[in-house]
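The values are calculated or read from the model by the stated rules, or taken from the named source; none is laboratory data. Just so it is clear, the structure is predicted and the values come from calculations on it, not from any experiment. As a convention, Cβ positions derive from the backbone with ideal geometry for all residues, glycine included, and neighbour counts pool all protein chains shown.
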Amino acid sequence: MFKEKQIFIGWKYFLILALLVSTPVSQADTVIYEDARLVSGDSKTYVGYFNQSLDLTQTGNYQATLSDFEFPASFDMLGLTISSSTQKMGEVWNSGSFSFNADPGKYFLGLFYKTDASLNLGMYGVKLSYPGQPGAVPLPAALWLMLTGLMAIAGYMRRQ
């Protein structure tokens, strides 16, 4: 009788695990653009900039993230702007992020930085992502095989 109770408790945990594994979960964001660079500024002003054109293919809400890696030193000034040909979609200064709605088309990413005067070096990271769609995570075949084996063992133990 004690063994049957142990198996029954195990079945509760098994059912909870099966429900958790088979429930829909959100997938990771789709990364549209990602860049990390070690840069130096102008030798006199310690200022630099970077421009990149982007072709966005989907309508939706995008997320832009700017990171100052503070290597070998943090930037004195760091800014990211995303714009279309007619309007600014958003901007962020120093490390941070912003969201913007966009239609398919050409957009422009602009980055401005001012390095520390003593080292004149800095490293930044830029990421532009589009939220992924939620989907169900299937159980692997090995787990299904293991579960059928556990059910057979439980049935055998219950009969004895």
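Things worth noting here:
- In segment 76-118, residue farthest from residue 59 (Cα to Cα) [restricted to those that are touching a residue at least 24 places away in the same chain (Cβ under 8 Å) and of a type in the set (Asp, Glu)]: 116
- Count of residues meeting criterion [closer than 17 Å to residue 98 by Cβ and out of contact with any Ser or Thr (no Cβ under 6 Å at 6 or more places or on another chain)] in segment 53-63: 4
- Residues that are under 22 Å from the mean Cα position of the chain (by Cα), closer than 25 Å to residue 29 by Cα, of a type in the set (A, V, I, L, M, F, W, C) and at pLDDT below 95 occur in segment 65-77; there is at least one.
- Of the residues making up segment 34-54, those that are assigned to a strand (DSSP E or B) and aromatic (Phe, Trp, Tyr) are 49, 50.
- Filter pass, residue 121 being more than 23 Å from residue 57 (Cβ to Cβ), at pLDDT 85 or above and among the aliphatic types (A, V, I, L, M): yes
- Total residues in segment 125-146, condition modelled with pLDDT of 75 or more, surrounded by fewer than 15 Cβ atoms within 10 Å (Cβ to Cβ) and either in a loop (DSSP other than H, G, I, E, B) or outside the structural domain of residue 63 (by TED's automatic domain parsing) (or both): 0
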